[in-house]
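Let me begin by presenting the structure, written as structure tokens, before commenting on it.
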Amino acid sequence: MSSPDPLLPHEQPLRPRTDLLTGAFFALFGLTILYLAWRMPTYADQKGEIYTAPGLVPAFYGTVIALLALWLVGRSIRRGALQPDGGGGVPPAREGYSNVRLALSAALGLFFVFVLLGHMPFWASSALFIFLFITLFEWRSEQTWPQRLRPLAIAAAIGLGTGIAVTLVFERIFYVRLP
Amino acid sequence: MFDSLSQFGAAFGTFMTPSVLVNVFWAMFVGIVIGALPGLTATMGVALMTTLTFSMPHTEAIMVLVCVYVGAIYGGSRSAILLNIPGTPASACSTLDGFPLARQGMAGRAMGISTSGSWLGTLFGTLCVATMTPLLSEMALSFQSYEFFWISVLGVVIAGSLAGGDALKGYIAGFLGLLVATVGQEPHYNFQRFAYGNTDIAGGIGLLPALVGVFGVAEVLLAMRAPAYQAVYSKIDSIIPRIADVTKYWRTIFRSGAIGTFIGILPGLGEDAAAWSSYAAAKRASKEKEKFGKGSVEGLMAAETGEASSVPGAIIPVMTLALPGSAPAAVLMAAMMIHGLNPGPMLMVETPQFFYQIVAMLVIADMVKLFFGFVLVRPLLWVLLVPRERLMPIVFVLCAVGAFSITSRVFDIYIMLIFGLIGFILRELKFPMAPLILGLVLGDLLEKNLTRGFVISGGDPTPFLTRPVSAVLAAITILSILWSIPAAQTAMRRGTRALFRRKPATG
């Protein structure tokens with residue numbers, strides 16, 4: 001049997017240095033939680049017992065996260081995180097993966113939530129968001145304007161169709177409130 | 001016996017109304033489409049559809065969600081067979097033999113095997129739900145806070161160590177989930193933890209917005225960053241399942257059904273672990289090992305039966321212990337709570353009819369899945385041709401609606417965004433998501449039982465370790481943690497071997 005590679009491209013192992021930084025972050029995070037939990041009141045003046053103190057459980061979780069994170073730090077150092085190449089050399093570029101597409105998606109999502117939602121009816125805000133999303137991702141600079149008309153019309157139709165359908169289905173049929 | 005049968009009959013009768021059946025059909029269709037589309041998972045589907053069910057009676061609402069869950073796990077195999085891309089993580093195993101079969105011109109046969117295996121798997125698992133749930137539930141009724149505390153801890157630990165990937169990161173993710181669940185007012189003094197005067201945070205982090213963020217928004221970001229999928233295999237032969245494929249591999253079907261259900265019951269492991277374990281067991285026992293990975297009918301049947309049987313399996317601990325067997329089951333459990341049900345051992349006491357209804361739901365969902373397995377071949381091909389640039393903004397809009405609608409707070413949309421970002425970063429750093437979800441869902445249960453246990457014992461921690469079931473659960477938890485440490489695992493293996501090795505005869 002030709003053994004298939006069980007790892008998808010995004011599942012390739014990380015460099016130990018990345019684990020070191022991740023561990024250091026979570027160790028600091030766990031200790032911060034422990035400190036904040038320590039500062040919470042114990043209600044001893046109201047005859048509160050230590051096991052009902054509001055900070056007890058978060059303090060426990062903070063401690064465990066810090067300890068596990070330190071374990072991660074130790075493990076990454078054993079695997080060579082402190083070596084000049086970070087223990088694994090330069091990771092190979094992921095073919096086809098694009099941070100520009102990621103950033104554009106995130107920016108459009110934020111634009112939808114913070115600019116569009118609540119400032120116009122839901123059907124209009126979702127239609128505009130979907131239209132912009134599709135248009136920007138399907139934009140080809142080499143296309144002429146007449147060539148762009150069809151994709152623009154499709155994007156507008158999908159946007160309007162979704163906005164109206166979601167409003168009708170959620171608000172009118174299932175009585176769900178929309179943002 | 002006759003009483004149980006009449007109860008089952010009544011439960012089926014509940015769902016035999018035109019309006020419920022319409023809901024069943026559209027929910028199954030939506031579930032299969034969600035499962036088939038790479039980037040959309042069963043967990044996300046159940047979380048998004050929870051929104052739609054707010055105004056429904058609880059039986060109808062859970063019926064819709066069960067259909068989406070069952071459908072999404074099945075739908076994932078379509079893209080696995082036709083695109084060589086698993087529609088959901090659960091169907092990754094189906095690509096191994098499904099896609100080679102499609103390349104050999106047998107895409108229709110592969111889909112037939114997938115349909116029959118999945119149908120039989122869910123049926124087998126449902127039979128286990130019907131027989132095991134009352135027994136487990138009765139046992140769980142004797143549990144007290146001490147046992148429930150350990151069950152919650154064990155859930156997070158097992159999900160961390162066995163959910164796939166790095167166990168250490170799994171534990172961190174699990175405890176992060178537990179920590180997030182502590183945000184907001186605590187139960188004893190109504191102290192607002194980590195709120196700092198913000199009334200929205202004082203209300204706590206909503207489970208659904210967080211889940212929609214982790215599984216919806218993060219998926220949108222991951223899908224948009226990844227390369228586009230291409231080439232649908234559009235040459236389809238007959239999709240009617242062959243009786244010979246079922247009768248020839250009946251042992252594989254039973255074995256995979258049992259393995260899948262068992263893995264489903266284990267907290268947080270989910271359908272992907274069930275599929276891989278069933279596949280590995282089938283390969284070990286097969287007389288045609290060499291065909292595995294090259295288009296083996298037996299391999300595909302094992303993977304499909306295993307993943308489908310784990311769906312009912314994952315619901316068993318939800319109903320008996322309030323402990324979800326998988327990430328979608330965790331969302332289903334959250335939906336049950338939203339609809340006023342009380343998952344756990346009291347479910348059988350407070351709403352005994354719901355147990356019969358769940359069995360009826362699974363059987364009905366399985367039958368409708370079989371129906372769609374035959375009729376949804378061509379329409380699914382068209383769905384798979386929809387570019388992600390057109391699909392993902394729609395998903396994002398649905399995520400925003402899902403996060404907002406439960407309490408109508410814009411704050412919940414911000415929570416969705418924050419958790420989407422957290423989910424994306426954690427996945428990039430190889431943190432498994434199942435323990436995080438289990439931590440979020442079990443956090444409240446864990447804290448309440450820990451403090452209640454201390455209150456009952458007057459601050460004495462010994463009952464947590466000395467009561468028989470508590471002691472066993474504590475031991476399993478500790479052993480699970482030790483097992484994930486390579487050095488400790490080696491020592492434990494050596495110790496076990498030494499224990500069972502016979503001493504050489506002397507003299």
If we keep only residues of segment A:93-141 that are over 21 Å from the mean Cα position of the chain (by Cα) and among the charged types (D, E, K, R), then the residue farthest from A:Ala155 (Cα to Cα) is A:Glu95
Screening B:Thr320, B:Thr351 for residues that are touching a residue at least 60 places away in the same chain (Cβ under 8 Å), of a type in the set (Ser, Thr, Tyr) and either buried (at least 24 other Cβ atoms within 10 Å of the Cβ) or more than 20 Å from B:Gly45 (Cα to Cα) (or both) leaves only B:Thr320
Kindly indicate whether B:Gly155 is touching a Lys or Arg at 6+ places or on another chain (Cβ under 7 Å) and within 22 Å of B:Gly264 (Cα to Cα). no
Query - Yes/no for B:Gly423 being buried (at least 22 other Cβ atoms within 10 Å of the Cβ) and over 21 Å from the mean Cα position of the chain (by Cα) - result: no
- Given the structure, is B:Ser145 hydroxyl-bearing (Ser, Thr, Tyr), more than 10 Å from chain A (Cβ to nearest Cβ) and farther than 30 Å from B:Ala36 by Cβ? yes
inquiry  = Can you find a residue that is within 13 Å of chain A (Cβ to nearest Cβ), assigned to a helix (DSSP H, G or I) and among the aromatic types (Phe, Trp, Tyr) anywhere in segment B:483-506?
reply    = no
(Q) exposed (fewer than 14 other Cβ atoms within 10 Å of the Cβ), at pLDDT 95 or above and more than 9 Å from chain B (Cβ to nearest Cβ): is that true of A:Ala93 in this structure? (A) no
Only one of B:Ala10, B:Ala80, B:Ala92 is farther than 23 Å from B:Ala400 by Cβ, among the hydrophobic types (A, V, I, L, M, F, W, C) and more than 14 Å from chain A (Cβ to nearest Cβ), namely B:Ala10
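Here is a yes/no grid of residues against (1) in contact with a helix residue (DSSP H, G or I) (Cβ under 7 Å, 6 or more places away or on another chain); (2) more than 10 Å from chain B (Cβ to nearest Cβ); (3) assigned to a helix (DSSP H, G or I); (4) aromatic (Phe, Trp, Tyr):
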residue: A:Ala37; (1), (2), (3), (4): yes, no, yes, no
residue: A:Pro41; (1), (2), (3), (4): no, no, no, no
residue: A:Trp71; (1), (2), (3), (4): yes, no, yes, yes
residue: A:Ala81; (1), (2), (3), (4): yes, yes, no, no
Checked segment A:134-179 for anything touching a Phe, Trp or Tyr at 6+ places or on another chain (Cβ under 8 Å) and at the interface with chain B (Cβ under 9 Å from one of its Cβ atoms); matches are A:Ala155, A:Ile158, A:Gly159, A:Gly163, A:Val166, A:Phe174, A:Tyr175, A:Val176, A:Arg177, A:Leu178, A:Pro179
Checklist entry - Looking at this structure, is B:Ile413 touching a strand residue (DSSP E or B) at 6+ places or on another chain (Cβ under 9 Å) and either among the hydroxyl-bearing types (Ser, Thr, Tyr) or within 12 Å of chain A (Cβ to nearest Cβ) (or both)? => result yes
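The values are calculated or read from the model by the stated rules, or taken from the named source; none is laboratory data. What you are looking at is a predicted structure, and each value in this text was computed from that prediction instead of being measured. With ideal geometry, Cβ positions are generated from the backbone for all residues, glycine too; neighbour counts draw on all protein chains shown.
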